[in-house]
1. Could you list, in sequence order, all residues of segment 46-73 that are surrounded by 12 or more Cβ atoms within 10 Å (Cβ to Cβ), modelled with pLDDT of 90 or more and not in a loop (DSSP other than H, G, I, E, B)?
2. Any residue at all in segment 24-44 that's modelled with pLDDT under 95, over 13 Å from the mean Cα position of the chain (by Cα), in a helix (DSSP H, G or I) and buried (at least 17 other Cβ atoms within 10 Å of the Cβ)?
């Protein structure tokens, strides 16, 4: 199932963009899977258990990638510490 969005601006060379709107085209059961993922991310971020800078839905729901190979949902953790910089 596709995830649609309207770009507000581009963040980087990978064409990651800030969306002003997104639309999900999923079944009710898949919407519940997404809701569960988002709820678990919120819980983990509040408790401090999740410290990475981002989380993919298939890390929480191993079947997601098989069921939806062209759709990924990622939660960003903007309060995560920045990784150490490597100077060359």
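The values are calculated or read from the model by the stated rules, or taken from the named source; none is laboratory data. The shown structure was predicted, so the numbers you read here are calculated from the model rather than taken from an experiment. Here the Cβ is made from the backbone with ideal geometry for all residues, glycine too, and neighbour counts use every protein chain on show.
1. Selection gives 55, 56, 57, 58, 59, 60, 64, 65, 67.
2. Checked segment 24-44: at least one residue is modelled with pLDDT under 95, over 13 Å from the mean Cα position of the chain (by Cα), in a helix (DSSP H, G or I) and buried (at least 17 other Cβ atoms within 10 Å of the Cβ).
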